[in-house]
Amino acid sequence: MNRRDWMKTSLLSAGSLLAAPSFALPKKAVNSAFYYSPESILGEYLPDFPIAEPKMVARLNANENPYGPAPQVIKAIGEAASMGNRYAHADANTLISMIAEKEGVTPDHIMLGPGSTDLLEKVAITRFKNGGNIIAADPSYMSLINTAQAMGGTWKPVPLTADYAHDLVGMENAIEADTKLIYVCNPNNPTGSITNAEELKKFCISASEKTPIFVDEAYLEFLENPKSQSMVGLVAEGKDVIVARTFSKIHGMAGLRIGYIVGTPERIESITSMVRSTMGLCSTSLKGAIASMKENQFMGECRGYNSECREFTKNAISSLGYDIIPSYTSFMIFPIDMDGKSFLKSMYDSGVGIRVFDIYDKPWCRVSMGTKTEMEIFVETFKRVTA
């Protein structure tokens with residue numbers, strides 16, 4: 001059995017998904033023998049050294065919200081634990097109804113999952129079981145693309161524009177008869193950049209007549225006016241657009257694993273007819289998400305703290321002569337002037353967790369926004385390591 005067949009079998013067996021890295025590795029394997037998308041310009045320097053979690057003083061490697069979950073969410077989770085012997089179908093229906101009301105659609109437009117990445121991968125399984133190609137930006141978040149390739153699909157990468165937006169003209173021109181899906185991550189990961197909402201809406205309206213469009217809005221709620229930037233209104237209009245959201249980021253529930261997609265009832269049914277939805281969720285996560293849906297003050301505070309820390313970090317790193325891609329998310333990325341592997345190890349040895357990517361054969365540091373204290377530690381450690 002070759003590696004692709006093995007991956008496909010693993011994806012479909014036991015109802016579980018392959019635990020693959022979130023990003024493609026570069027053409028020259030860096031600290032790894034695996035190649036997920038060797039045609040990508042994006043790679044990652046993976047730690048090949050022991051990581052001592054107790055020594056971590058600034059965990060800035062996973063785009064986590066350092067302030068959550070909200071107190072009301074923690075309370076709801078604690079109260080739900082005693083009902084852990086019962087299935088939580090009623091809670092799932094309650095959450096679906098709440099989400100549907102918020103997004104302006106009916107409940108049959110909603111599918112829940114343990115985090116939005118799980119839903120990306122399930123969409124890939126159902127769309128690419130018979131092959132086909134996926135169009136997506138390069139660089140971007142790789143989970144859906146990796147799974148599509150593992151199922152036997154192919155990726156048609158379209159490089160970002162000079163200002164790191166999606167090349168919407170190039171993506172639409174790339175559509176062909178065998179295109180099964182277009183993937184747009186907006187704001188984009190790992191660049192943190194954004195594509196103009198009005199231009200994206202026009203693109204989705206036009207391109208969705210030819211193939212489904214998947215818009216990943218995991219970081220949308222870090223924007224000041226997220227509703228105006230979302231593509232979810234197109235779903236309500238009947239466009240073949242799938243929009244993903246997550247409770248992992250601004251809600252501060254990354255470890256609790258819950259997210260959702262919004263799509264036309266026909267598109268949602270095409271997925272749920274093949275894979276399970278709410279059976280992958282636990283009562284504590286559902287109760288927590290229900291409580292978080294009612295809590296607006298916490299999210300507003302997190303948005304403000306994130307903006308403050310992002311501005312501080314941007315100014316500090318820019319003052320050292322580094323060019324940072326303008327970020328609209330809870331992280332930022334910039335090229336560095338030292339060996340990526342050495343930089344990664346030196347930062348971790350100092351108790352600062354970050355990610356180091358390879359873009360066009362040059363190392364880039366991606367740092368998540370932590371608390372103000374964590375960002376001060378990051379800046380001082382960065383100065384020392386790169387001196």
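For Ile182, are the conditions met, namely being of a type outside the set (Phe, Trp, Tyr), assigned to a strand (DSSP E or B) and closer than 28 Å to Glu64 by Cα? In short, yes. When each of Asp323, Asp349, Asp358 is tested for being among the charged types (D, E, K, R) and either open to solvent by less than 10 Å² (accessible area, probe 1.4 Å) or within 20 Å of the chain's Cα centre (by Cα) (or both), the lone residue that passes is Asp358. Just one of (1) more than 16 Å from the chain's Cα centre (by Cα); (2) without any contact (Cβ under 8 Å) to a residue 40 or more places away in the chain; (3) surrounded by fewer than 20 Cβ atoms within 10 Å (Cβ to Cβ) fails for Val241. It is (3). Taken together, Ala19, Ala81, Ala76 contain a single residue that is outside any loop (DSSP other than H, G, I, E, B), open to solvent by 30 Å² or more (accessible area, probe 1.4 Å) and either modelled with pLDDT of 90 or more or of a type outside the set (Ser, Thr, Tyr) (or both), which is Ala81. Listed here are the helices (runs of 4 or more DSSP H) enclosed by segment 89-151 that have at least 3 residues being free of Cβ contacts under 8 Å to residues at least 40 places away in the same chain: 89-103. Of all the criteria given as (1) in a loop (DSSP other than H, G, I, E, B); (2) under 20 Å from the mean Cα position of the chain (by Cα), the one not satisfied by Ala162 is (2). Picking from residues in segment 139-164 that are farther than 21 Å from Leu120 by Cα and either touching a strand residue (DSSP E or B) at 6+ places or on another chain (Cβ under 9 Å) or not acidic (Asp, Glu) (or both), the one that is surrounded by the fewest Cβ atoms within 10 Å (Cβ to Cβ) is Ala162.
Hey, any hits in segment 101-116 for a residue that's out of contact with any strand residue (DSSP E or B) (no Cβ under 6 Å at 6 or more places or on another chain), closer than 30 Å to Ile325 by Cα, of a type in the set (S, T, N, Q) and open to solvent by 10 Å² or more (accessible area, probe 1.4 Å)? No, segment 101-116 has no match at all. If I filter segment 263-273 for residues that are open to solvent by less than 40 Å² (accessible area, probe 1.4 Å), part of a helix (DSSP H, G or I), over 30 Å from Lys129 (Cβ atoms) and not small (Gly, Ala, Ser), do I get at least one hit? No, every residue in segment 263-273 fails to be open to solvent by less than 40 Å² (accessible area, probe 1.4 Å), part of a helix (DSSP H, G or I), over 30 Å from Lys129 (Cβ atoms) and not small (Gly, Ala, Ser). If only residues of segment 281-311 that are assigned to a helix (DSSP H, G or I), open to solvent by 60 Å² or more (accessible area, probe 1.4 Å) and in contact (Cβ under 8 Å) with a residue 12 or more places away in the chain are counted, the one that is farthest from Ile96 (Cα to Cα) is Glu308.
Filtering segment 361-386 to residues that are more than 27 Å from Gly68 (Cα to Cα), modelled with pLDDT of 95 or more and open to solvent by 50 Å² or more (accessible area, probe 1.4 Å) leaves Lys383, Arg384.
The values are calculated or read from the model by the stated rules, or taken from the named source; none is laboratory data. None of the values given here were measured: they were computed from a predicted structure. Note that each Cβ is placed from the backbone with ideal geometry, even for glycine, and that neighbours are counted across all protein chains shown. We work out accessible area using only protein heavy atoms, side chains counted, and drop any ligands, DNA or RNA first. Shrake-Rupley method; radii C 1.70, N 1.55, O 1.52, S 1.80 Å.
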